[in-house]
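Participant: The structure's right below; bear with me while I get my questions together.
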Amino acid sequence: MQNKAKRYPGESKWKGLLYLLPALLLYLIFTFLPILETIRSSFFQAESLYGARSFVWFQNYIKLFQTSQFLSALRNNFVFIFFYSFLPISFGLFLASFLARVRVPGMRLFRTLYFIPQVLSMVVVGVMWRWMYDPNIGPINVFLRWLGLEQFAQAWLGSFTFALPAVGMAAAWVQYGFCMVLFLSGIQRIPEELYEATSLDGANAFRQFWHVTLPGLIPELSVALMTTIIAALRVFDLVFAMTKGAPGGSTEVTGLLIYRWAFELNNHSYAATMATVLTLIILLISLVIRRVFKQSEKGAL
Amino acid sequence: MKPTFRKLIPHYLLLCLVLFFVLLPLWGMLSKAFENPDPGSFGALANFKRAWTVGKFGLFFKNSIIVALIVTAISVLLSILSGYAFGKLSVSGKSLLLPLILLGYMVPFDAAIIPLYNWMRSLGLTDTLWALILPQIGLSVSFGTLWMSSYFESLPDELVDQATIDGCSRWQVLWKVLMPIARPASSTLIVLIFMWTWNEFLLALVMIQKESLRTLPVGLAFFQGRYSANIPLMAAGAIIVALPTLLLYIFFQKQFLQGLSSGAIKG
């Protein structure tokens, strides 16, 4: 909506700014300036912890991309996109399209319960899922033994192969309820006539999904993709609570590396370099998603 | 379309199967927490009592409540003011300021944490709750401003004009005319900011070294490091952390579903 805010006759043009100022100042001091300082310090190198810093151009960045540590952490972040984003979105889409067009009594209750993981602290989620994966009493191994598949029961979070997907499944558990709720409310907005028209044309359920449901859900898909991908790239608490990057760095993620380099190894400028790269990646991905979906939204109309 | 119950059986089967996977970890935590370690000592709440006192969760709870209440109250108030400025007043430089604020809401907190820590330490504020409160207000107002301003913008200008003709000042227009209508939007903001602050982890981990000043999520993480073998005790601790946001969610479902579905990114 185009909004031409008006001033009273004789009202100072700074009046609006006065209302804005307290929030703006706090934001600038405690969020915006620190971000700028992070970017600036990524071009420096500290000679001692509190001493002078020297300007080193892009040296930190070069070092970053020459060592495998950062790249493998970043790779794990991208693996997490599969669990944070791809799995929950496809599962949520499947559930929503299966359920939305039939009036199922009690649906509200299910929806409410599905959404619960979203409001929990990630540390709580981590504690719960560590129990799920517990080698002795965890339900997953108990179930495998009950099936007679004793040989598959193992210490999931201690395994080089399975630790990353195991943490990923906990993340998927958090995210898909959110995706499903989002899509359910989106489908309700698609006019019934569109479905009726396509079923008169003899389209099967899959074609209906492809030609009516999916295009109708573009705004929700864009929100879901953006939110879940950013969450996958930002992940910190969940990994900290579940594995702390172990075993042998197989669940190491960028957020954890930044924390370690900054607050355990005290190399602030190197950690700042990682934070800057991560921030740029997040901004870039958000911009791309935004652009792509703006275009396809226009195409759908 | 009115389906018969028979036709709905596959739907309910699927719904219940999914529900089983959602509730299994939650149920596990609950049943473990009520497990009695040595019968006859405290009864069913033994683990909670131990977590509360021995695990110091009572102390962490107090810290979490203080931080979350102050951050929520100040952030929501300031966001209402700034959202009003963007939505219904003339602000010079608005087209520049809005993207600037949007940035703070999209960028990960890792991008700010290192300078924040250094500044807070040089001010002597690390190991105080201020080191958690101030940055979280700064972060919350970025989302809050965008949230409130898009809401105020959606309200018709005639409301403001009419009230102005009736002799209301800008301040009165906000609190007497707009805020009564904006109550749903502002209560959504309240529950979201409270939840994010309650669950915040990185800042609390970095800024606080003293055990007595920890918040609940960090307290739970350290607790897990020490008592990882005692699952019932840890489960009780986890429930203490989760209960307030769960209760809030049960009472304010509509606000949570609406707020998070509109693309509010979890902090």
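Participant: Report relative contact order for the range A:13-104 in percent, whole number only (criteria: Cα-Cα under 8 Å, sequence separation at least 6). Before the final figure, lay out each step's value.
Facilitator: On the way: 26 pairs, mean separation 11.3, N = 92.
Relative contact order, the range A:13-104: 12 percent.
Participant: Then there is this: Among B:Gly237, B:Gly138, B:Gly219, determine the one that fluctuates most according to a GNM of chain B built with springs between C-alpha atoms less than 10 Å apart.
Facilitator: B:Gly138
Participant: Extension gain A:Glu196-A:Arg145, at 0.36 nm per residue separation less the Cα-Cα distance, in nm?
Facilitator: That works out to 13.5 nm of additional length.
Participant: What do you get for the angle between helix B:183-199 and the principal long axis of chain B? Use alpha-carbon atoms, 0 to 90 degrees, nearest ten.
Facilitator: So the helix axis and the longest Cα principal axis differ by about 40 degrees.
Participant: Label-point separation (nm) for B:Leu125 and A:Leu280, each offset 7 Å from Cα along Cα-to-Cβ?
Facilitator: Label-label distance for B:Leu125 and A:Leu280, simple model: 3.0 nm.
Participant: When only Cα pairs under 8 Å and 6 or more residues apart are kept, what is the percent relative contact order across the range A:186-301?
Facilitator: Working: 71 pairs, mean separation 27.8, N = 116.
Here the relative contact order equals 24 percent.
Participant: Further, regarding this structure: Expressed in nm to one decimal, what extension gain is obtained for the pair A:Ile137 and A:Arg101 from 0.36 nm per residue of sequence separation less their Cα-Cα distance?
Facilitator: 8.9 nm
Participant: Considering the options A:Ser12, A:Thr38, B:Ile9, tell which one lies farthest towards the positive end of the dipole of the protein assembly as shown, charges being +1 on Lys and Arg and -1 on Asp and Glu at the Cβ, about the Cα centre.
Facilitator: Highest projection toward the positive end goes to A:Ser12.
Participant: Moving on to the next point. Report the paramagnetic label zone for B:Asn36: residues of the range B:219-235 whose backbone N is under 19 Å from a point 7 Å from Cα along the Cα-to-Cβ axis.
Facilitator: B:231-235
Participant: Using just the helices of chain B, give the 222 nm mean residue ellipticity in deg cm²/dmol: DSSP H runs with n ≥ 4 each add -39,500 (n - 2.57), and the total is spread over all residues, rounded to 500.
Facilitator: Estimated from H runs of four or more residues: -24000 deg cm²/dmol.
Participant: Another question about this same structure. For chain A, with a Gaussian network of springs between Cα atoms less than 10 Å apart, report the residue from A:Val181, A:Val127, A:Val79 with the top mean-square fluctuation.
Facilitator: Comparing A:Val181, A:Val127, A:Val79 in the GNM, the peak value goes to A:Val127.
Participant: Right, another one. Grab the DSSP H runs of chain A that are 4 residues or longer, score each as -39,500 (n - 2.57), total them, divide by all residues and round the 222 nm result to the nearest 500 deg cm²/dmol.
Facilitator: -19500 deg cm²/dmol
Participant: What FRET efficiency would be calculated for the residue pair B:Arg183, B:Gln162, taking the C-beta separation as r and a Förster radius of 25 Å, to the nearest 0.05?
Facilitator: According to the calculation, E is roughly 0.80.
Participant: Let me ask you something else. Relative to the longest principal axis of chain B, what angle (0 to 90°, nearest 10) does the C-alpha long axis of helix B:216-227 take?
Facilitator: Roughly 20 degrees between the two axes.
Participant: A follow-up question, please. Between A:Asn76, A:Asn267, A:Asn136, where does the largest GNM mean-square fluctuation fall for chain A, given springs only between Cα atoms within less than 10 Å?
Facilitator: Highest fluctuation among the options: A:Asn136.
Participant: Please state the relative contact order of chain B as a whole percent: Cα pairs under 8 Å, 6+ residues apart?
Facilitator: Values: 249 pairs, mean separation 85.1, N = 267.
It rounds to 32 percent for chain B.
Participant: Between the range A:144-202 and the range A:72-98, what is the separation of their alpha carbon centroids in Å?
Facilitator: 8
Participant: In addition: Rounding to the nearest 10 and keeping the result within 0 to 90°, find how far the Cα-based axis of helix B:57-88 lies from the longest principal axis of chain B.
Facilitator: The angle comes out at about 20 degrees.
Participant: Among all helices in chain A defined by DSSP H, which have a length of 30 Å or more along the axis from Cα atoms plus a Kyte-Doolittle mean of at least 0.0?
Facilitator: Result, helices passing both filters: A:163-187, A:268-300.
Bear in mind these aren't lab numbers, they're just calculated from the coordinates by the rules spelled out. Just so we're clear, the structure is a prediction, and the values are computed from it rather than from any experiment. Neighbour counts run over all protein chains shown; Cβ positions are idealised from the backbone, glycine included.
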